[in-house]
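Working notes for the structure below.
What follows draws every value from the coordinates through simple rules; no lab data is involved. None of the values given here were measured: they were computed from a predicted structure. Reconstructed Cβ throughout: ideal geometry from the backbone, glycine too, with neighbour counts over all protein chains shown.
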Amino acid sequence: MDDHELVADHFAGVKVRWVASKIANPTQPGLYHPAQPERRFYRLTFHKRHRQLITDEYLPHVVRVGKEIRTRNRQRKLFTNSPNYKWPTYKHTMWSHINFEHPATFETMGLDPAKKKDIIDDLVTFTESREFYSRIGKAWKRGYLLYGPPGTGKSTMIAAMANLLNYDVYDLELTAVKDNTELRKLLIETTSKSIIVIEDIDCSLDLTGQRKKNQKWLSDEERDVAAAAAGGVGGGSSRVTLSGLLNFIDGLWSACGGERLIVFTTNYVEKLDPALIRRGRMDKHIELSYCSFEAFKVLARNYLKLDEEEGDDHPMFATVERLMKEMKITPADVAENLMPKSPLDDADTCLSRLILAMEEAKEAAEMEREVAAARKLVEEKEKKVVGMVNGSPENGVAPH
Ligand SMILES: Nc1ncnc2c1ncn2[C@@H]1O[C@H](COP(=O)(O)OP(=O)(O)OP(=O)(O)O)[C@@H](O)[C@H]1O
């Protein structure tokens, strides 16, 4: 608002007026007192019979809407923990950041519509559940495990989540974290309305399968000691342990307040220690898989200039649908083939390129299957020959 500008507003049938004003600071600047800025304020006028309504309802409404607008307009950030940072002084934080400007949204994601709706509903419900979490005595946080082959959209989904909720993203590189104390400090520095991401958790920490191997009888702490003694986790100099990470997921940040999501991604969900991903820690497990025909249609609408009618029924779509039933292709490969490679590439060119790529991939997969089958046959024959030499031709098992 400009100085002395008048803006009218209406609330519950009542008209109010806001005027922007300012008063100059009376203090004279001196040698030791630099000039103070003028004081700016807004004057609100309304009929006195509406005083109750204005103080009880209108002003809280203005504050709430103002906060919403500020959140909507704020520049969001992508934080990373640099592997080479120095121990923080009062000025430094453990995170470095850049502006977060990833354009991914759920609308542009190639995903089955029902799955998409389910994830959006879950996220929105979480953000609206402050009172619920406080009533049941749980920290206001939710864990998501995104798993699936490379190029199926795990990172893209994290960006879409951040854009949907207007959250900052903390990309936590666990292998760069020295030990559990440092992990704790890093996490305490994260702010509310943020997503803490640990990508490729199976590669970040050697947390995988420790239970299944020869340490089943050890407690979490004992296993941590063993892992640390073996040179730390993740193959680097990190001493972050499973129990350190579990402690953090379970309750450490309940002291911080505010809403936070934690997201793990992995290409190999079966390798993860079940303790790490059990419900309550990773509340929602989302599988991102190969491209379905429904997901392809979303990508086609994004990448190709199709008119309204063609959008759902281009003549080449039927071939793509048939091929999708016969072979697997990731959304990343679909996207790459649909991407125009020259200004002259139209929808037909891009779709033809995709179909050709799918046919070639299908042939290569068939060939691989045939080679594998032939190899198996040879191995079985060799086994039989060995068995015959050893005197047991039927099953190839050597006699005692
Ligand atoms: N479901 C999808 N919808 C839209 N685009 C997608 C999708 N999946 C992949 N892509 C495209 O493919 C590229 C790679 O995807 P992304 O990095 O999200 O995959 P990822 O599953 O995280 O892979 P990785 O496991 O290798 O990290 C993205 O830049 C995006 O353009």
Are there trypsin sites (Lys or Arg not before Pro) in the stretch 286-392 that DSSP puts in a loop and that have at most 15 other Cβ atoms within 10 Å, and which ones?
Lys305, Lys328, Lys341
Given the peptides 155-168, 179-192, arrange them by the average over their residues of other C-beta atoms within 10 Å, most packed first.
155-168, 179-192
Difference of contour (0.36 nm per residue) and Cα-Cα distance, Val386 to Ala24:
120.2 nm
Please give me, ordered by residue number, the trypsin sites (Lys or Arg not before Pro) of the stretch 91-152 that lie in loop per DSSP and have at most 16 other Cβ atoms within 10 Å.
Lys91, Lys138
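Using a Förster distance of 51 angstrom, determine the FRET efficiency expected from the C-beta separation of Ser96 and Phe293, and round it to 0.05. Walk me through the intermediate numbers first.
Numbers: r = 42 Å, r/R0 = 0.82.
Efficiency, from the Cβ-Cβ distance: 0.75.
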Lys, Arg +1 and Asp, Glu -1 on Cβ, resulting dipole of the stretch 57-173 about Cα centre, debye, nearest 20
420 debye
Residue span Lys362 to Thr125: 0.36 nm per residue of separation minus Cα-Cα distance leaves a gain in nm of 81.2 nm
For a quick check of your reading of the filter: which GluC sites (Glu not before Pro) in the stretch 289-380 sit in a DSSP loop and have no more than 14 other Cβ atoms within 10 Å?
Glu308, Glu309
What is the distance, in nm, between label points placed 7 Å from the Cα along the Cα-to-Cβ direction at Lys341 and at His47?
7.2 nm
